[in-house]
Amino acid sequence: MKQKSFLRTATPYLFILPWIIGFLVFTIGPLIFSLIMSFFDWPLTSTPEFVGFGNYIEMFTEDDQFWKSLVISLKYAAIFVPLNLIVALFLAMLITQPVKGVKIYRTLYYIPTVISGVAVAILWGWLLDSNYGVVNYLLSLIGIEGPQWLIDKSWALFAVIIASAFGVGSMMLIFYTDIKNIPPDVYEAASLDGASPARQFFSITLPLITPTLLFNLIMSIINSFQQVTLVMLLTNGGPLNSTYFYGLMTYNNAFKHHKMGYAAANAWVMFIIILFLTALVFKSSSAWVFYETEAGGKEKKAKKKQAKEAK
Amino acid sequence: MSQMSLSKKSKVVIYILLTIMAIYFIAPFFYMFFTTFKTESEAIAYPPSLFPEVWHFENYINAWNAQPFGTYFINSVLVTAGTTLGQIVSCSLVAYGFARYNFKGKNILFMILLATMMIPWDVTMIPQYMEFNLFGWINTLKPLIVPAWFGSAYYIFLLRQFMMGIPKDFEEAARIDGCNPFQIYLKIFMPIIKPSLILIATLNMITVWNDYLGPLIFLQDRSKYTLALGLASFKGVHDTQIIPMLCITVIMIIPPIILFIIAQKYIVEGTSGSIK
Amino acid sequence: MKKTAVAAGILALGAMAMLAGCGGGDKAAADGKTHIRFATWDVAEDVDRQQALVDKFNESQDQIEVTLEAYGSDFDTKISAGMGSGDAPDVMYMWNYPSYYEGLEPLDSYIEKEGEDYKANFYETLWDYNSMNDSIYGIPVGFTTHTLFYNKDIFAEAGLEEPTDEWTWDDLMEAAKTINDKTGKEGFAFQMKPDPYDFEMYLWSNGTAYCDAEGNLEGNLNSDASKEVFQMFQDMEKDGYAVATEAAPTDEFRAGNVAMFIYGSWSINTFNEDGLNYGVVKIPSFAGKGDSISILSSSGLSISKDSENKDAAWEFVKFWTNEDANKERIGLELPVLYSVVESEGIMDQPEYAPFYEMLEQSAGHTPASFIIEDWSEVSENLSLSFEEVLNPSALMDVSEVLDGAAAK
């Protein structure tokens, strides 16, 4: 008896064991190492020197760029996260429509996601070149003088967003898989009630995909703070440092200025910010994310119907 | 399948929307594609042209021969296949544990799992390098493949979300039939979540296929390079060899697209087994 | 959870121990040869040429086996990571000595052993650029100065005489204006966010510098002579016959949209492959300020201070920098040995000679990067200030910007 109950307690741990092993062997060492390094001055080419909270103090009191980059990244996240979610969801809805040829569109939307990030950055750099780029050339053909995309401070962030939305395909695919998993009878029942497509979307599809919505939301937040490759190759932080993202600043501190300790401090501050945002999202999620495991499937459907009727 | 029939009007609207979005997603790609057949001076000429004056099909052969891409291809396939298999096995196990059980410390462990994604790679890479160096794994494909067999937070989180959408009564029934927990996972859950497994396989394939920072740091000589690293090394300090780079980019998207087309079929097929 | 915490602690300690410095174990492999890792930043076909040369070295003797590692534009990331983890390549290409010298082996004693003639055969100025704090950290393998490139076709189209080595900036501006009027093309182009390291040459040419010998910017960066330089570039842009480009204007020049630009020798091969009809002359001078000065971008071969096989590494460095290797790399790098430049008749080649002439008249200037500590960060600030002056969407007041930058 005793053994059996032990086994029962151990079962969930056995399932997550692979991750725990991987975490202990591959992840936690480097994580703690970087945390320790954030209290050191480490120029990479020579031995680290302990500086206590020096890096953190410098960051908050002396480094203008820290605040500026933080604001840029927050601004980017504020625009990019909702935009990305809406576009991905919109596309996912489009490619689930039962029309001919939709398979081809599905593949077309997915292609940019498959293109290597280095090539995407170079491609958009070409397209958006203010003097000799294709986009402004096409605009000039219809008599519009295109903006100075990567030269003008007020346009550059927008240019980065255009280029990064190009890779929305993964998120689209996640939504798509989830939507495809909704059994048809749910809709059929709703159609009989005479619900309009918009209403169907908001009262059936959307609530049912909230778990993946939560996933995509959190991942977008994390990704937008860690955005490096694209800005590095497309704008390299310019023009006039207007796209000097927090992630790029961290990278430059580490590998350009050889201040690895300082970069580690940057990274851990970013960690706190993302963790805080994620916790906030999670906390709120109990109000808007519905899991079947929490309420029985039937109960939930009934709840939704009630909600619908109440409207 | 879902909304059985659409009116003609809404069909037209859908096609218009589909096409507008397609222009944004595909026009840059086509521009790139046609550029691969141009000479370099044609590619940078202004005003730009869409089609090359003369089609230089040999650009592709030259690009392929500029570096040992045959070797890179094999390495890329090894890494991609090795990690994808590992992710499916490990992530589904771990996600199952997190999604279907209540246990002590679950919430903290799950928060830790999420937190591991929040520290940028820049600052953990050096200690990681030291560790792999200690294992003697530097300049082998191991650092790129082995960690995937212990799950990745991103896919675990995603699978957990999918699994939490499955009603509880499901395993209750199986448990009454006398299945042990592992059997429930393997025989009942795996078939149900097949579409999501296909999804994480697809996502992992493109991520790993295009990853070049990992290979850059952990590999040394060209016999170990992957395609993505070969692609990135067309970019020099002062000069980028743009045409060969774009040619390899085009070649590189063929395998993932083929796999995607196949995967699409399975993601849709999965619906039949759905139980939401 | 307690156990997890303990395990975490142990692993972290392990990581610390690693940092304390273990270079990565036994390097002598089964074949009994000494293995040397050699890192380059070159790409594609250039790597093949280097590989051929490495193969030649490996075949020439049976003690040392060199493997080539090519990292392209990610060279810095890889080398930084390598040094940070105590596992840098034994031999590596190097140019940014101020950032890396602490991770490199001083080579003076090795050079001394080779005798006076060895050192004397290299262009003298190059040693200054491969040293830090009076120690030599790299053996020169290549270099470039900057010169004025011009498109002969555009000059013909505008009916103008081609530039000469005696040109002043006034000549250049006048020509650029005429070209712009007559052909509609841009007369001159420069980068709107120039690398401060490169841009200092214009200040030198006008008799000033970013900083004095102690590294003070005040009174140097914002001196009248310095402001004059920036004002001149800004005015060219404002007057509309010169264009400030996002990246170095190589592509614009290749596409024939721009008549002149100033650049290193990096793109000569590409221009030749394109069949571009171009010429090269010395950088124009400032009227009454003597010869123009060029910055030097020099590359050398360095040995990692953590290397366990420094003698073998030095053997390879010697091979890579000898006469034959210099000859083999012509077209890839400008030779750095007097004897090779002479025997190969480099000075008779009009597209190469100006780089050597610029080299000769540019001796005796020390870039700010070798003087100012934390140059990398200072450079980032300067770069922003320069962009404020030159970015067409900003074009801020030169005097204000430079005064502000010097005060930082």
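For this structure, a couple of remarks:
- Looking only at residues of segment A:91-114 that are touching a residue at least 12 places away in the same chain (Cβ under 8 Å) and outside any helix (DSSP H, G or I), we find that the one that is surrounded by the most Cβ atoms within 10 Å (Cβ to Cβ) is A:Ile95.
- Number of the exception - C:Phe122 against (1) away from chain A (no Cβ under 14 Å); (2) without any contact (Cβ under 8 Å) to a residue 24 or more places away in the chain; (3) not basic (Lys, Arg): (2)
- Residue that is nearest to A:Phe255 (Cα to Cα), among those in segment C:30-76 that are aliphatic (A, V, I, L, M) and within 8 Å of another protein chain (Cβ to nearest Cβ): C:Ala70
- All of B:Ser10, B:Ser41 fail the test of being closer than 20 Å to C:Arg254 by Cβ and at the interface with another protein chain (Cβ under 10 Å from one of its Cβ atoms), apart from B:Ser41.
A quick yes/no check of all residues on (1) among the hydroxyl-bearing types (Ser, Thr, Tyr); (2) closer than 30 Å to A:Gly261 by Cα:
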site: C:Leu53; (1), (2): no, no
site: C:Phe57; (1), (2): no, no
site: C:Leu107; (1), (2): no, yes
site: C:Glu114; (1), (2): no, no
site: C:Tyr150; (1), (2): yes, no
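- Among the candidates C:Glu200, C:Glu246, C:Glu252, residue that is buried (at least 22 other Cβ atoms within 10 Å of the Cβ), under 24 Å from the mean Cα position of the chain (by Cα), within 19 Å of C:Val401 (Cα to Cα) and not aliphatic (A, V, I, L, M): C:Glu200
Residues are listed down the side, and each one gets a yes or a no for (1) over 26 Å from A:Lys153 (Cβ atoms); (2) touching a Ser or Thr at 6+ places or on another chain (Cβ under 8 Å):
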{"site": "C:Lys193", "(1), (2)": "no, yes"}
{"site": "C:Leu203", "(1), (2)": "yes, yes"}
{"site": "C:Lys227", "(1), (2)": "no, yes"}
{"site": "C:Asp251", "(1), (2)": "no, no"}
{"site": "C:Met260", "(1), (2)": "yes, no"}
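- Only one of the numbered conditions (1) of a type outside the set (D, E, K, R); (2) more than 27 Å from A:Phe255 (Cα to Cα); (3) over 18 Å from the mean Cα position of the chain (by Cα) is not met by C:Ala407, and that is (2).
- Residues of segment B:184-222 satisfying the condition of being closer than 21 Å to B:Phe132 by Cβ and outside any helix (DSSP H, G or I): B:Asp211, B:Tyr212, B:Leu219, B:Gln220, B:Asp221
- Taken over segment C:127-152, the criterion of being surrounded by fewer than 15 Cβ atoms within 10 Å (Cβ to Cβ) and in a helix (DSSP H, G or I) is satisfied by C:Lys152 alone.
- Any hit, segment B:248-267, residues being within 14 Å of chain C (Cβ to nearest Cβ), over 23 Å from B:Ser152 (Cα atoms) and among the basic types (Lys, Arg): no
- Top-ranked residue of segment A:22-65 - restricted to ones that are assigned to a helix (DSSP H, G or I) and aromatic (Phe, Trp, Tyr), ranked as farthest from B:Tyr154 (Cα to Cα): A:Phe60
- Residues (more than 8 Å from chain A (Cβ to nearest Cβ), of a type outside the set (Lys, Arg) and assigned to a helix (DSSP H, G or I)) located in segment B:131-145: B:Phe132, B:Asn133, B:Leu134, B:Phe135, B:Pro143, B:Leu144, B:Ile145
- Positions within segment C:230-259 being in contact (Cβ under 8 Å) with a residue 40 or more places away in the chain, in a helix (DSSP H, G or I) and away from every other protein chain (no Cβ under 14 Å), in sequence order: C:Phe230, C:Gln231, C:Met232, C:Phe233, C:Gln234, C:Met236, C:Lys238, C:Asp239
- Of the criteria (1) modelled with pLDDT under 95; (2) over 24 Å from C:Asp128 (Cα atoms); (3) aliphatic (A, V, I, L, M), which one C:Ala325 fails: (2)
- Flag for B:Tyr60 being outside any loop (DSSP other than H, G, I, E, B) and within 10 Å of another protein chain (Cβ to nearest Cβ): no
- Within segment A:172-203, being within 20 Å of B:Met164 (Cβ to Cβ) and at the interface with another protein chain (Cβ under 10 Å from one of its Cβ atoms) holds for A:Leu173, A:Ile174, A:Tyr176, A:Thr177, A:Asp178, A:Ile179, A:Lys180, A:Asn181, A:Ile182, A:Pro183, A:Val186.
- Taken residue by residue, segment A:70-90 has no member that is at pLDDT 95 or above, buried (at least 21 other Cβ atoms within 10 Å of the Cβ), more than 16 Å from the chain's Cα centre (by Cα) and under 30 Å from A:Leu214 (Cβ atoms).
- Yes/no for B:Pro195 being away from chain C (no Cβ under 14 Å), farther than 30 Å from C:Gly86 by Cβ and touching a Gly at 6+ places or on another chain (Cβ under 8 Å): yes
- From the options A:Trp155, A:Trp149, residue that is part of a loop (DSSP other than H, G, I, E, B), out of contact with any Asp or Glu (no Cβ under 6 Å at 6 or more places or on another chain) and more than 8 Å from chain B (Cβ to nearest Cβ): A:Trp149
Each row is one residue, and each column tells you yes or no for (1) farther than 30 Å from C:Tyr278 by Cα; (2) modelled with pLDDT under 95.
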{"position": "C:Ser205", "(1), (2)": "no, no"}
{"position": "C:Tyr210", "(1), (2)": "yes, no"}
{"position": "C:Gly219", "(1), (2)": "yes, yes"}
{"position": "C:Val229", "(1), (2)": "no, no"}
{"position": "C:Met232", "(1), (2)": "no, no"}
{"position": "C:Gly240", "(1), (2)": "no, yes"}
{"position": "C:Gly256", "(1), (2)": "no, yes"}
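Residues are listed down the side, and each one gets a yes or a no for (1) over 24 Å from the mean Cα position of the chain (by Cα); (2) at pLDDT 95 or above; (3) surrounded by 22 or more Cβ atoms within 10 Å (Cβ to Cβ):
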{"position": "B:Glu42", "(1), (2), (3)": "yes, no, no"}
{"position": "B:Tyr46", "(1), (2), (3)": "yes, no, no"}
{"position": "B:Phe51", "(1), (2), (3)": "yes, no, no"}
{"position": "B:Asn65", "(1), (2), (3)": "yes, no, no"}
{"position": "B:Pro68", "(1), (2), (3)": "no, no, no"}
{"position": "B:Ile74", "(1), (2), (3)": "no, yes, no"}
{"position": "B:Val77", "(1), (2), (3)": "no, yes, no"}
{"position": "B:Gln87", "(1), (2), (3)": "no, yes, yes"}
{"position": "B:Asn107", "(1), (2), (3)": "yes, no, no"}
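- Residue in segment B:221-229 that is away from chain C (no Cβ under 14 Å), of a type in the set (S, T, N, Q) and buried (at least 22 other Cβ atoms within 10 Å of the Cβ) present: no
- Only one entry in A:Ala279, A:Ala263, A:Ala267 is in a helix (DSSP H, G or I), surrounded by fewer than 22 Cβ atoms within 10 Å (Cβ to Cβ) and over 15 Å from the mean Cα position of the chain (by Cα), namely A:Ala279.
- Selection from segment C:290-339 of residues that are part of a strand (DSSP E or B) and under 24 Å from C:Leu359 (Cα atoms): C:Ser297, C:Ser298, C:Ser299, C:Gly300, C:Leu301, C:Ser302, C:Ile330, C:Glu333, C:Leu337
- Any chance A:Ala198 is over 29 Å from the mean Cα position of the chain (by Cα), in a helix (DSSP H, G or I) and surrounded by fewer than 17 Cβ atoms within 10 Å (Cβ to Cβ): no
- Flag if B:Ala232 is within 15 Å of the chain's Cα centre (by Cα) and within 14 Å of chain C (Cβ to nearest Cβ): no
The values are calculated or read from the model by the stated rules, or taken from the named source; none is laboratory data. Keep in mind the model is a prediction, meaning the values are calculated, not measured. Cβ coordinates were reconstructed from backbone atoms using ideal geometry, including for glycine residues, and neighbour counts include every protein chain displayed.
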